[in-house]
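Here is the structure we will look at, set down as C-alpha cells.
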2 protein chains.
Amino acid sequence: MQPSRSRPRIRDVAEAAGVSETTVSHVLNNKGRVDAATRARVAEVAERLGYRPNSNARGLRSGRADTIALLMPIVDLDATHHILAVDFYLSLTMNVVEAAFERDQALLQLPPLRRLDDLRRFGIDGGIVVDPLPADPRVAMFDRLGLPAVTIGRDIAHAGAPWWVAADSAAGTLTVLDHLAAAGARRVAMLSVDIGWSWFADAERAYAEWTARHGRHPMLVLARPDKLDSSAAEAAGRLLDLEPDAVYVPPQWLATGLLRAARERGLSVPGDLLVSVGVDSHQARTSEPALTAVDLDPARTAREAVDLLISRIEGRPPQAPRVIPVTLLPRRSTAVVTT
Amino acid sequence: MQPSRSRPRIRDVAEAAGVSETTVSHVLNNKGRVDAATRARVAEVAERLGYRPNSNARGLRSGRADTIALLMPIVDLDATHHILAVDFYLSLTMNVVEAAFERDQALLQLPPLRRLDDLRRFGIDGGIVVDPLPADPRVAMFDRLGLPAVTIGRDIAHAGAPWWVAADSAAGTLTVLDHLAAAGARRVAMLSVDIGWSWFADAERAYAEWTARHGRHPMLVLARPDKLDSSAAEAAGRLLDLEPDAVYVPPQWLATGLLRAARERGLSVPGDLLVSVGVDSHQARTSEPALTAVDLDPARTAREAVDLLISRIEGRPPQAPRVIPVTLLPRRSTAVVTT
DNA sequence: CTGAAAGCGCTTACAG
DNA sequence: CTGAAAGCGCTTACAG
C-alpha cells in the first residue's frame, strides 16, 4: 500500500471507472446529463479510491474558493472581548466553524485588518464581520474589493443594508425590564457601555421607550469601554448613587463590577437590588448570586450568518435581515425574596 | 478606474515592467539570479499595481497551501472549554491567528473531526492540535495523511514525540506550592480534574514530588470533567473534608466551585484557606477575593506553536519540544492576613 | 449521454 | 541574468 504521498486525482478515478475526466467531474458536481448507471459507478469508484478534489485546482478554475473568513471584534487581544462576555465569542466562533463546515466551506479566521492588502492576500469568497462599529472599516475593505460580507450585529451607521444577523436586543431588553417590574422593582436603571455596537444601541433605545411608556424616570449610566476594571467600578458607583432597586446590565464585565460595588456598599442582591445581565456565560451562572441573563443563542446566530453569507456570495437578492430571538434565563439575582 | 473585478495577474506585472513572468516570479519569491535594478523595478511595479499572487494557483503549482489548521480541544461546544478557562482559549485562538498571519500563513479553524475525509477536504499544509488526549485521534488522522501536526500540550501517551509546545505546568505548580508554603500553609492540597491532558498530569506529578520532598501528606482530589457545575461542587466538598489550609486548583471552573463551597461552610479566603488557580482569566481577576493565578502566556505559546509547525512543514529536523515559562500572579486569595 | 481540449495563474526545471 | 515552455488538477464551454 502506497503511503498517502500522492492522493488520487480525477484522472485516476476516470481511468478506474473507464470514463473521461469530464464525466467524473460532472458526477462529482451533479452537473450535466450523465447516465444513472455511469453516475453510480463513478461515485462508487471515487468513494473506493478516497478521492477528494484538490481545492486549489478547483478554486483556480472555478474562481470560487469555498472558503469564508471570520473577523472577530476589533479589540485588544486580551482585554476587550470581555465587553460582552468571552463565553459568547468562543461559542460563536466554534459554532461558525461548525456551520461553515456543514455547508462545505472552509473557515479562515483573520486577524484585525490594517490594510486592504491584508485582505487581498487570502483566497476567500466572502466574510463574516462580528460587531461592526459604525461605518466599520473592515466591511468597507470587503466592499472595496467587491467581496461579499455580512455582519453579526448591525452597522448602526448603515440603516439600509440588509446583510446582517443580530440577536433581538430590543426584545431582550423589554423582556428583562418587564421581568424586573414584575418582581416589584420601582426604580429600574440601566448600566451599559459607550460603544457603537447595535446590541448596545438597541438596548438603550428600548430602555428609553420602556421608561417613557411606563412613566418612569430613566436612569442610564454608560461606562467607557477601555480600562475595563476601573471604568466598571467608576460607572457602577455613579449608578448606585441614583439609588435604583433594579438594574439591567447588558455586558457581563459591568455586571461583575456592579455586584462588587453593591457588596461594598452593603447592598444585598437580590434583597436590595435586582440585577440582570444581557448575555449568558459560565460567570453569570456561577456568580454569587447567580445572575439572571439573556441567552443570545450563538449557535443559531452562527448558522444564520453563514447561510446569509452564502446567499450573498451566490448572488441571491437581499432578503430581510435576520433577527435572532433571545430567551430570558431567570436566576436568583432577580428572584423575589419571600418574606 | 476599473472595479476590482479583475485583480492584476503576474502577466500584467510582467508586461508593465517589460520582463517575463518568470522574472516577476523570481523577484516576488526571492529566487534565482536577478539583476538588482530589474528586481527593484519589478517590485515597484508590482506594488503600484497592487499585485497579490493568487493563492490557489500558487498552491496548485507548488503543492503548498500556505494554510495551517487549528483544532481546539474535543469538547462540547458550550461547556467544556471551561475546563481550563475560556479566556485562555479565546486568547490562544486570536494569538494563533495573529502569529500565522505574520508568518504569511492562512489559519483555517476546523471543527471536531469525525472521519479522515473531514481532514482531506481542506487544502492545508499542517495543523495545530490543542490539548491532545492520550493517543489523540486527531493527531493520528494527520499522521495517516502524512500531514505535519504539532500539539499545544503534550500527548502523554507518546513520550518520545518532540512536536509539541506546552506551558511549564510542573514549574508553575512548584511555584504555586512554594508560594502557599511561604504564606504559612501547612496542609496544602490540590483539586484538579481527571482528564488526560499533560497540563493536569504534570501538575499532579509535581504536586506528588513536592509533598514527598517536604514530607507532607498529599491531599489530592480529582473532579470528573463532565457535568461541570455539579462535579465541581461534589469534588470541592470532598476536598474541604480533608481540612486543608491551602489549595492549588489548576482549572478555573473548580476554583469557582471551591470558593462557593468554602463560603457555604463559613470558611473565609484567604483567612481560613488560601486558594490559587492555575490559569489567569477575567474571572480570576474579578472574583471575590481576586484569585492568585498562573499566567500561561497564550501569546507566546501561540507563536511558538506556529513556528514549530512551520519548521516541521519545511522538513527541518525535530528540535527539543518547547516549554513555555509561566509566571505567578499573586493576588488577595493567597495574601497573608496581617494580624 | 459522453469526451477532447482549453485554460484558470502560478512556479520550476531548463536552455541560453 | 533572463525567458519560453510545461504542467499542477481541476471545470467548462463546445462538439458530437
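The table below lists the values:
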item: Number of positions in the stretch A:285-308 that are facing chain B (nearest Cβ under 10 Å) and open to solvent by 40 Å² or more (accessible area, probe 1.4 Å); result: 2
item: Search result, residues across the stretch A:25-45 that are near DNA strand D (Cβ under 7 Å from one of its atoms) and part of a helix (DSSP H, G or I); result: A:25, A:26, A:28, A:29
item: Among residues of the stretch A:97-132, those that are under 18 Å from residue B:98 (Cβ atoms), outside any strand (DSSP E or B), touching a Gly at 6+ places or on another chain (Cβ under 9 Å) and open to solvent by less than 10 Å² (accessible area, probe 1.4 Å), counted; result: 1
item: Residue in the stretch B:257-272 that is outside any helix (DSSP H, G or I) and either touching a Gly at 6+ places or on another chain (Cβ under 7 Å) or open to solvent by less than 10 Å² (accessible area, probe 1.4 Å) (or both) present; result: no
item: Pair list, Cβ < 9 Å and 6+ apart or interchain, from the stretch B:88-106 residues that are at the interface with chain A (Cβ under 8 Å from one of its Cβ atoms) to residues that are assigned to a helix (DSSP H, G or I) and of a type in the set (Asp, Glu); result: B:90/A:87; B:101/A:118
item: Output for the stretch A:8-41, where each listed residue is open to solvent by less than 60 Å² (accessible area, probe 1.4 Å), within 6 Å of DNA strand C (Cβ to nearest atom) and over 43 Å from the mean Cα position of the chain (by Cα); result: A:19, A:20, A:38
item: Residue check, residue B:246 at pLDDT 95 or above and within 14 Å of chain A (Cβ to nearest Cβ); result: no
item: Within the stretch B:300-326, tally of residues that are within 12 Å of residue B:151 (Cα to Cα) and among the hydroxyl-bearing types (Ser, Thr, Tyr); result: 1
item: Among (1) at the interface with chain A (Cβ under 10 Å from one of its Cβ atoms); (2) surrounded by 20 or more Cβ atoms within 10 Å (Cβ to Cβ); (3) within 8 Å of DNA strand C (Cβ to nearest atom), the one test that residue B:55 misses; result: (3)
item: Flag if residue A:48 is under 23 Å from residue A:102 (Cα atoms), in a helix (DSSP H, G or I), within 14 Å of chain B (Cβ to nearest Cβ) and more than 11 Å from DNA strand C (Cβ to nearest atom); result: yes
item: Any pair with Cβ under 9 angstrom, 6 or more apart, that starts in the stretch A:299-322 at a residue that is farther than 21 Å from residue A:131 by Cβ and ends at one that is modelled with pLDDT of 95 or more and open to solvent by 70 Å² or more (accessible area, probe 1.4 Å); result: none
item: The one condition in (1) open to solvent by less than 20 Å² (accessible area, probe 1.4 Å); (2) within 12 Å of chain A (Cβ to nearest Cβ); (3) modelled with pLDDT of 90 or more that residue B:73 fails to fulfil; result: (3)
item: Unmet criterion (only one of (1) out of contact with any Leu (no Cβ under 7 Å at 6 or more places or on another chain); (2) within 14 Å of chain B (Cβ to nearest Cβ)) for residue A:178; result: (2)
item: Selection status of residue A:68, modelled with pLDDT under 80 and more than 9 Å from every other protein chain (Cβ to nearest Cβ); result: no
item: Elements of type strands (runs of 3 or more DSSP E) contained in the stretch B:133-244, each with 1 or more residues being within 23 Å of residue B:304 (Cβ to Cβ); result: B:149-152, B:164-167
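The values are calculated or read from the model by the stated rules, or taken from the named source; none is laboratory data. If you're wondering where the values come from, they're calculated on a predicted model, not measured in any experiment. Methodologically, a virtual Cβ is constructed for each residue, glycine included, from the backbone with ideal geometry; neighbour enumeration extends over all protein chains shown. Only protein heavy atoms, including side chains, enter the accessible area calculation; ligands, DNA and RNA are left aside. Shrake-Rupley method; radii C 1.70, N 1.55, O 1.52, S 1.80 Å.
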